[in-house]
Every structure is written in C-alpha cells, then in structure tokens.
Amino acid sequence: MGYIGIIRLQGAGMRYPRTWGMGVIGAMMLSASFVMAPIGHAAGDGITHGVADMTGQVQQVPARPGHIADLWFAHNELTIMLGAADRIAVTVDRPDTRPWMFLVAPALYHAIGVNGPAVNAESLLKAGVDVAFVPNGSATAAALRAVGIPVLVAGFTDAASLRRSLEMTAQVIGTRQAQEVTRAYETLLDGVIHDTRARTDALAPDARPRVVHIQSLHPLRVDGAHTIIDEWLSIAGARNAADGVDGNMKPISVEQLAAWNPDVIILGPDAGTFDPMADGGVWRNITAVRTGHVIHNPAGVFPWDRYGSEFPLQVAWAAQVLHPDLFPATDMVERTCAFYRTFFHYDLDVTQARRILAGLPPAGATKGGGAPPVDPAYDGAFCRMAGVRRTCAMPPCFCLPWALRDCAGCDRTFCGDGHGRAGIAAGAI
C-alpha cells in the first residue's frame with residue numbers, strides 16, 4: 001500500500017499520491033479531470049457573497065478576504081492547507097506549541113498572536129480583519145458580529161463534518177486552488193477510510209483491541225464516545241475502552257483506568273510525561289503497560305489524533321499500529337512525506353517525518369519551546385514566500401531559513417538592509 005506514482009491535477013500544477021490503496025484510484029482520476037472556473041474578487045472591491053457556516057447560519061463575507069482571524073486552534077491547519085496562510089492576520093496558534101505549523105507556514109509569524117479564542121472585537125476591527133473563524137460555542141462570535149466582522153463557526157466533530165468545514169473554508173477563501181485542494185483532500189480522505197474499513201470491518205469484536213486514548217496525564221483526561229477520536233479508533237479496528245465516557249477530554253481517576261484495563265493506551269502528543277511507577281504502581285498492573293503497549297501518538301502541523309486535516313494519516317497510522325498483520329505494506333514515513341508535499345507544499349525529509357511520527361518537534365526546537373531558531377548565517381531581510389510579496393507586518397523583517405526553498409531570492413531593499421546578519425547578531429531578530 002505504498003505510493004506508486006503521482007497524479008497531477010489538470011491545470012493546477014498540484015500533485016498528490018496516486019494510491020493509498022485501490023479504492024482511491026478511481027475517485028482521483030475523476031478529480032484529475034475536474035476544472036473550476038475562476039472564483040471571486042479582491043476583498044477591497046466591496047463584493048460579498050453568502051456562506052453558510054457549520055451551524056447553517058449564512059454570513060455575508062468578502063469574495064476574497066485578505067485578513068482572516070483564525071480563532072480555533074484546529075482550523076488554522078485547514079486555512080494553511082487551502083493556500084491562505086499568508087491571509088491569516090490573527091491566530092490562536094503559537095510557534096512554541098505548534099512548531100511544525102510555523103515551520104511549514106512561516107507566514108504565520110506575520111500574524112498577530114492571541115491567547116485563546118476569546119479576543120477583543122475592537123482590536124480585530126482595527127487590525128482590518130475581514131472574516132473570523134471560531135469554534136463551536138464561541139463566546140466571542142456575537143461581539144465580533146456586533147462590530148461588523150463576519151463570523152463563521154468552523155467546528156467539526158467527525159470526518160463528515162471535517163469535509164463540510166473544509167468546503168465552507170474553501171468557499172470563504174474563494175480561490176481555484178482552495179477548491180481543487182478540497183476535492184483532492186476529500187478523495188484521499190474517502191479512499192483511506194474505505195480501504196481501511198475494507199480490512200477492519202470484518203474483525204470479530206474479540207479481535208479488536210480495547211484502547212484508551214489519553215489526552216492528558218496530569219490531570220488524567222480521556223476521550224470517549226461521540227468524538228473524532230472514537231471514530232478513528234473504530235475505523236482502525238479498535239474498541240474504545242473508555243466505557244461510559246462521552247465527549248472529549250473527560251477527567252477520570254487512575255483507578256477507573258485500571259478497572260477498564262485496556263489492551264492498548266495511546267498517549268496524545270500533549271499528554272505529558274508517562275511514568276509507569278506513578279500512583280503507587282497502579283499503572284504497572286494495567287495490561288497495556290505490562291505488555292508494552294503504551295504508544296505515543298504522532299503530531300505534525302496539528303496533533304494527528306485530534307480535530308485536524310491530518311486525519312487520514314492518523315487513520316492509516318492507527319490501523320497499522322493496532323493491526324500490523326492487516327497493513328504490512330503501509331509505509332508511514334512515505335505517506336507522511338507525500339501528504340506534506342501535496343497539501344502543505346513542504347518537502348519533509350525522512351528524519352523530519354520520523355520525528356512527526358514520534359510526536360517530536362522539529363530539530364532545533366524543544367517541545368513547547370518554539371520553532372527552530374533563525375539561522376545566524378543567513379543575511380537576508382525579506383523572503384518572497386511561494387512567489388507572494390508580503391508587506392512587512394512588524395519590524396524587524398526577517399527571512400526564515402526553512403522558507404528558503406520557496407524563495408526566489410530575498411529583496412533586501414524592500415524592508416531595508418538593517419535587519420540582516422547584523423540584526424540577528426544584535427538579538428533584534
């Protein structure tokens with residue numbers, strides 16, 4: 001089930017894996033012949049159109065919004081994937097918590113960072129925000145709408161609503177690229193789910209390991225039914241052992257975990273440090289711990305196990321980890337590299353892919369400690385990322401070394417020469 005080639009979307013120059021399994025091929029061939037008409041206008045021309053958000057409420061948004069406030073942690077990944085990272089003017093994500101996100105989308109360093117989805121509406125208005133994406137149940141939505149900012153609820157809870165959220169976001173972004181990426185992604189998503197279920201649906205209940213997914217060790221919190229975690233566990237051929245738990249990140253006691261006695265424990269990327277000797281040795285008596293089946297979940301641009309666009313990778317990874325005999329040919333390094341190349345336009349090397357699979361940050365960054373530092377040997381002041389000239393959002397200007405693959409050269413006169421090597425040495429950058 002490795003990759004056997006590349007299909008190129010007609011007229012788009014976009015590449016994606018030719019196969020994740022035979023179920024993907026037919027749908028991708030249909031996608032390859034799909035052609036979209038040019039979409040939208042610039043935000044400044046006053047043209048708007050109605051877009052229904054995930055609650056069904058229709059908002060009038062600019063045809064091509066230039067300044068987006070992305071106020072749900074998981075949704076930033078969708079905006080990046082759809083080619084609009086440079087339009088994110090306000091973000092709740094940070095390089096210290098999501099270093100891979102800022103690695104593949106360094107344009108986010110130009111965005112204003114805010115702490116959590118509750119933000120000051122007037123501040124966003126002054127920042128020129130054209131549209132805001134918020135999670136389900138956002139307390140900020142009404143205040144933002146009151147000052148005239150269109151707000152769209154973008155939250156999703158499963159693969160089906162992930163598709164709808166992506167389609168809504170592509171509608172808001174308003175580009176041909178966003179529409180084409182959406183279709184290519186949906187083809188991949190459907191194919192991975194279909195091909196995985198083709199092997200796991202026939203498993204008898206006792207052949208499905210009982211798994212507990214731990215979101216946090218301190219305090220101890222798990223994910224139960226009616227979550228996207230429960231969905232990928234089921235697709236991958238497992239049973240959620242968190243009996244009686246409904247929803248995300250629910251607190252439990254270690255005694256309750258011991259009573260469930262799962263066959264496998266999957267630790268979320270942000271769960272914390274696992275110590276089998278903790279809590280008076282209770283952990284050591286749990287089957288998953290005793291048999292060495294405590295597994296750390298991968299984390300990339302966003303944690304794979306939670307609500308993000310890397311869901312197809314999570315399904316494939318979980319299926320192989322839980323049923324290696326059913327998925328012996330799955331090469332997760334290759335799949336990860338192909339996914340990033342296709343949907344994030346970033347060429348991971350093998351070492352980087354392995355770090356993602358291990359739930360580790362990029363080399364040069366520590367967990368929670370930020371993205372790799374700026375290379376002091378680099379003497380540029382400005383990068384043209386992906387061929388787009390950006391104004392200087394905040395001095396000092398800089399060119400991130402990991403963006404050099406997209407630079408056609410650095411325009412040192414654009415922001416001036418004062419923030420090159422000397423600026424780095426002085427600690428200004």
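What follows is calculated from the coordinates using simple rules that are stated; it is not laboratory data. A quick note: this is a predicted structure, and the numbers were derived from the prediction, not measured. Using ideal geometry, Cβ is built from the backbone for each residue, glycine included, and neighbour counts are taken over all protein chains shown.
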Taking placed amide H atoms and a strict 5 Å upper bound, the residues 5 or more places from residue 225 or on another chain that come that close are 245, 246, 247
Pairs of alpha carbons in the range 168-234 whose separation is greater than 16 Å (percent): 66 percent
Using the beta-carbon distance between residue 194 and residue 164 and R0 = 22 Å, what value does 1/(1 + (r/R0)^6) give for FRET efficiency, to the nearest 0.05? 0.75
Residue-by-residue Karplus 3J(HN,Hα) for the range 349-364, coefficients 6.51, -1.76, 1.60, Hz, glycine and proline x: 8, 4, 4, 4, 4, 5, 5, 4, 5, 8, x, 9, x, x, 4, x
If you line up the Cα atoms of the range 204-330 on their principal axes, what length do they span on each, largest first, in Å? 40, 29, 25
In Hz, Karplus ³J(HN,Hα) per residue of the range 292-301 (6.51, -1.76, 1.60; θ = phi - 60°; x = Gly, Pro): x, 10, 9, 10, 8, 7, x, 8, x, 3
Relative to a virtual label point 7 Å from the Cα of residue 275 in the Cα→beta-carbon direction, which members of the range 175-214 show backbone nitrogen distances below 13 Å? none
Equivalent-ellipsoid semi-axes of the range 43-155, from the Cα gyration tensor, Å, largest first: 21, 15, 14
